[in-house]
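As structure tokens, the structure follows; a few thoughts come after it.
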Amino acid sequence: MSEFHSKIKTIEWVKTASGGHSLMVDQTKIPYAFEKVEIKTLKSMYNAIKTMIVRGAPAIGIAGAHGCALFALELLSKYAPVEDLWKNDRTIEDKNLDKNQRSLFFNELEEGLNYLNSSRPTAVNLSWAIGEQKKVIENSKKLPLATVCTNLINNAIKLENEDIEINKKIGNYGAEVVPKGAGILTHCNAGALATVGYGTALGVVRSAFAKDPSIQVYADETRPRGQGAKITTFELVQDGIPVTLLTDGMCSYFMRNKMIDIVVVGADRIAANGDTANKIGTSTVAIAAKYYNIPFYVAAPKSTIDLSIKTGNDIIIELRDEEEVTMVNGKRICAEGVKIINPSFDVTDNALITGIITEYGIFKPEELKYKIK
Ligand code: MRU
């Protein structure tokens, strides 16, 4: 087995003397090409998130953490440039800075972070990661500006590495509920390429496959962006895990014909009552699974759980460009004048969810608010 997932990091910080930059897989190119792009500024990170060069809630979170560090470096070169960010004595560069310049640095940084947070609204991992970086900034307020930058970079790298460990824990818990020889249906991509590595829903698949190579995956195509067809099948084929591609809407055929034993999907934001926003089409799958009495699991890290909102009604659903629906491979596929609404996510009601697989274990939707702090 080639174990593609263990060889790649979807997004990683590359350290250089001047601080470094973010290096990420360009997901808009898969499966036609596997290319990485360097992201060096706040603006280009905003665009990478918005245009889905980086996508998937946990990967977007890490992109947010990187973006904070990148912008701090941009501001450092404006207010207190350094030759080598990693050398030990940082006080020298700050000696010519007056109080006003320091507060300008922190004010601009705050504005930049809020701008980055507005790049995509639904996946809470973005604001969670930016929030983690804001804590670092708060704790570094009295330190030399170069140290603020190194602290932000080190924290981004820490979050990056933790993501893979968390996904492996999710995978191991989830594998316990996958029946022997199961047909596992998934929607969208919640794999290594939607995280830093290993994946959430596909982490469950990977851990289950390691124990039982007779499992089969059924991957929904996931219109309009095709994450299932383009990315999920790519990842699974690379890892030698058997996968069948379904077009959206086929799932009830496979369920009725007893080919699906369990559904496992990822999540973009989970409310305190367990209502879950995930890629558009997820709730349709959950409704069909309920009808056919098939267990429906959500696999997601704590950073995707938003206890500040009570129900899924409070989740902002991103509306994307209508061309994602009307155009395929640069060609219009419908009549001019047709109306389009293109919600990128939907909310699956907690009543449809058998369990939420986290790095702390598997919980019923109603247990989340007591078990996750
Ligand atoms: O619009 P995307 O591709 O960012 O949406 C991704 C999804 O909906 C994923 O299923 C979700 O983020 C979970 S990723 C581990």
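Just a few scattered comments:
- Selection of region 293-323 for residues being within 12 Å of the ligand (Cβ to nearest atom), outside any strand (DSSP E or B) and in contact with a helix residue (DSSP H, G or I) (Cβ under 8 Å, 6 or more places away or on another chain) yields ALA300, PRO301, SER303, THR304.
- Test for ARG206: is it within 16 Å of the ligand (Cβ to nearest atom), charged (D, E, K, R) and surrounded by fewer than 24 Cβ atoms within 10 Å (Cβ to Cβ): no
- Taking each residue of region 158-169 that is under 14 Å from THR304 (Cβ atoms) and looking for partners that are assigned to a helix (DSSP H, G or I) and of a type in the set (Val, Ile, Thr) with beta-carbon atoms closer than 7 Å, six or more apart or interchain, yields LEU159/ILE62; ASP163/ILE62.
- Being of a type in the set (A, V, I, L, M) and farther than 28 Å from ARG206 by Cα is a property that ALA69 has.
- Sole exception among (1) β-branched (Val, Ile, Thr); (2) surrounded by fewer than 21 Cβ atoms within 10 Å (Cβ to Cβ); (3) assigned to a helix (DSSP H, G or I) for VAL37, by number: (3)
- Taking first residues from region 323-345 that are small (Gly, Ala, Ser) and partners that are assigned to a helix (DSSP H, G or I), the Cβ contacts under 9 Å between residues at least 6 apart in sequence or on separate chains come to SER344/GLU324.
- Where helices (runs of 4 or more DSSP H) fall wholly inside region 49-145, the ranges with 2 or more residues that are in contact with a strand residue (DSSP E or B) (Cβ under 9 Å, 6 or more places away or on another chain), buried (at least 24 other Cβ atoms within 10 Å of the Cβ) and at pLDDT 95 or above are 57-79, 124-139.
- Of everything listed in (1) within 13 Å of the ligand (Cβ to nearest atom); (2) touching a Phe, Trp or Tyr at 6+ places or on another chain (Cβ under 7 Å), the single unmet condition for ILE157 is (1).
- ILE315 meets all of the listed conditions (1) over 20 Å from the mean Cα position of the chain (by Cα); (2) surrounded by 21 or more Cβ atoms within 10 Å (Cβ to Cβ); (3) over 20 Å from ILE184 (Cα atoms) but one, namely (1).
- Exactly one residue out of ILE260, ILE341 is under 24 Å from TYR198 (Cβ atoms), assigned to a loop (DSSP other than H, G, I, E, B) and more than 12 Å from the ligand (Cβ to nearest atom), and it is ILE260.
- Number of positions in region 160-189 that are away from the ligand (no atom under 15 Å from the Cβ), in contact with a helix residue (DSSP H, G or I) (Cβ under 6 Å, 6 or more places away or on another chain) and among the small types (Gly, Ala, Ser): 1
- The one condition from (1) more than 14 Å from the ligand (Cβ to nearest atom); (2) out of contact with any Pro (no Cβ under 9 Å at 6 or more places or on another chain) that ASP275 does not meet is (2).
- Residue among ALA192, ALA219, ALA229, ALA201 that is within 13 Å of the ligand (Cβ to nearest atom) and closer than 25 Å to GLU322 by Cβ: ALA229
- The listed residues are PHE34, PHE4, and the only one of them that is more than 14 Å from the ligand (Cβ to nearest atom) and in contact (Cβ under 8 Å) with a residue 40 or more places away in the chain turns out to be PHE4.
- The set of residues in region 263-285 being outside any loop (DSSP other than H, G, I, E, B) and either at pLDDT below 95 or out of contact with any Cys (no Cβ under 9 Å at 6 or more places or on another chain) (or both) consists of VAL264, ARG269, ILE270, ALA271, THR276, ALA277, SER283.
The values are calculated or read from the model by the stated rules, or taken from the named source; none is laboratory data. This is a predicted model, so every value here is computed, not measured. In this analysis, Cβ positions are derived from the backbone assuming ideal geometry, glycine residues included, and neighbour counts consider all displayed protein chains.
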